[in-house]
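The values are calculated or read from the model by the stated rules, or taken from the named source; none is laboratory data. Just so we're clear, the structure is a prediction, and the values are computed from it rather than from any experiment. Virtual Cβ from ideal backbone geometry, glycine too; neighbours counted across all protein chains shown. Just so you know, the surface numbers come from the protein's heavy atoms only, side chains and all, with ligands and any DNA or RNA stripped out. Shrake-Rupley method; radii C 1.70, N 1.55, O 1.52, S 1.80 Å.
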Amino acid sequence: MSLLRTLRLCLVSQTGSRSAGSLLLQSPQPSWHAFHAVPSLSSSTSSKELLMKLRRKTGYSFVNCKKALESCGGDLKQAEVWLHKQAQKEGWSKAAKLHGRKTKEGLIGLLREGNTAVLVEVNCETDFVSRNLKFQQLVQQVALGTMLHCQGIEDQLSTYSKGFLNSSELSGLPAGPDREGSLKDHLALAIGKLGENMTLKRAAWVKVPLGFYVGSYVHGVMHSPSLHNLVLGKYGALVICEASEQNANLEDIGRRLGQHVVGMAPLSVGSLEDEPGGETETKMLSQPYLLDPSITLGQYVQPQGVSVVDFVRFECGEGEEIADIQ
């Protein structure tokens, strides 16, 4: 409970703030030792411009970009495809070598779009790599792939729907309309670039009709470099609420409920009729409200005209410690 207690104190001290710290971004320059030296490109200005353009667009090293252009006769598009294929080959090779190494670090990604919200967890070996822009872009791609999968499920919503994807199901999802291959292919590319074992651990999605709202919170939050509605962190929560009427404060209420789920780690929603519990209580509505322990969470939400019906909580690396002990 000591870790949760520390987290709770941190959450309470940050009440009212949407940001709880930030992660440093680092952009590596991948290089593949498997590439061999080749005859040099022409030193003409146009060749140098092509080299610079390919380098900026792909992020691969000058040596590899030069090799790609020479192999493709200076065709920029073909050179880009060639680079990605070589990177993927190298990635699968590294993935096979690194398979089995512990992946206790990583990030939780939260993506919202309309009446849909998704949570994903992608793991790596070290916190250093989790702070890397290339890794964060992988989490972004996984969140997008999960969102597209969820939106592709046709259902007539009269109440909320919730679903989960395990590692195998997540890996097999298409990468998206602008990316080729599956999420597993993009995982291999990231492993090849960053040199650590990584796993696509899990995903959850929630869709709600009118009259419902999805509250959300991510702890240790930073916004995605290219998607304004994606946030990354170490803990994440979705809280499904039913609102009896339009409430201008729903976003704030939803965020506070998400904070409570992250900090208090309930196991079930419970009922407003349940007796108030102490710090070890696992029913959400009976727990002391994280931001005001003098009342229960149920006593906080009841006057707001909001009913909590379900929630999802992700903690990065969750379950790894138990697996180590076993």
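Restricting to segment 228-255, give me the number of residues that are within 27 Å of Glu318 (Cα to Cα) and in contact (Cβ under 8 Å) with a residue 40 or more places away in the chain.
Adding up the residues that qualify gives 16.
Do the conditions hold for Pro303, that is, is it farther than 23 Å from Lys207 by Cβ, surrounded by fewer than 14 Cβ atoms within 10 Å (Cβ to Cβ) and without any contact (Cβ under 8 Å) to a residue 24 or more places away in the chain? Break it down stepwise before answering.
Details: farther than 23 Å from Lys207 by Cβ: yes; surrounded by fewer than 14 Cβ atoms within 10 Å (Cβ to Cβ): yes; without any contact (Cβ under 8 Å) to a residue 24 or more places away in the chain: yes.
In short, yes.
How many of the residues making up segment 257-287 are part of a helix (DSSP H, G or I), open to solvent by 10 Å² or more (accessible area, probe 1.4 Å) and closer than 23 Å to Cys316 by Cα?
Residues of segment 257-287 that are part of a helix (DSSP H, G or I), as a first pass: 257-264, 284-286.
Still in the running and open to solvent by 10 Å² or more (accessible area, probe 1.4 Å): 264, 285.
When the remaining residues are screened for being closer than 23 Å to Cys316 by Cα, the result is 264.
So the count comes out to 1.
Does any residue of segment 135-143 turn out to be open to solvent by less than 60 Å² (accessible area, probe 1.4 Å), among the small types (Gly, Ala, Ser) and either within 17 Å of Leu238 (Cα to Cα) or part of a strand (DSSP E or B) (or both)?
Checked segment 135-143: at least one residue is open to solvent by less than 60 Å² (accessible area, probe 1.4 Å), among the small types (Gly, Ala, Ser) and either within 17 Å of Leu238 (Cα to Cα) or part of a strand (DSSP E or B) (or both).
Kindly list, by first and then second residue, each pair from a residue in segment 65-81 that is charged (D, E, K, R) to a residue that is open to solvent by 70 Å² or more (accessible area, probe 1.4 Å), limited to pairs with Cβ atoms under 7 Å and residues at least 6 apart or on different chains.
Between residues of segment 65-81 that are charged (D, E, K, R) and residues that are open to solvent by 70 Å² or more (accessible area, probe 1.4 Å), the close pairs are Glu70/Pro39; Glu80/Lys57.
Would you please name the residue that is nearest to Ser216 (Cα to Cα), looking only at residues in segment 246-270 that are over 24 Å from the mean Cα position of the chain (by Cα) and at pLDDT 95 or above? Lay out the reasoning, then the answer.
Of segment 246-270, the ones over 24 Å from the mean Cα position of the chain (by Cα) are 246-249, 269-270.
With at pLDDT 95 or above added as a condition, the list becomes 269-270.
Values: Val269: 16, Gly270: 19 Å.
Among them, the one singled out is Val269.
Give the number of residues within segment 177-212 that are assigned to a loop (DSSP other than H, G, I, E, B) and either over 23 Å from Ala237 (Cβ atoms) or open to solvent by 20 Å² or more (accessible area, probe 1.4 Å) (or both).
Restricting attention to segment 177-212, the residues satisfying the condition of being assigned to a loop (DSSP other than H, G, I, E, B) are 177-181, 195-197, 208-211.
Now narrow it down to the ones that are either over 23 Å from Ala237 (Cβ atoms) or open to solvent by 20 Å² or more (accessible area, probe 1.4 Å) (or both): 177-181, 195-197, 209-211.
Looking only at that region, the number is 11.
Note down all Cβ pairs under 8 Å where the first residue falls in segment 131-144 and is among the aromatic types (Phe, Trp, Tyr), the second is in a helix (DSSP H, G or I), and they're at least six residues apart or on different chains.
Listed pairs, sorted by first residue: Phe135/Val129; Phe135/Ala190; Phe135/Leu194.
Could you please give the count of residues in segment 233-256 that are open to solvent by 50 Å² or more (accessible area, probe 1.4 Å) and in a helix (DSSP H, G or I)?
So the count comes out to 3.
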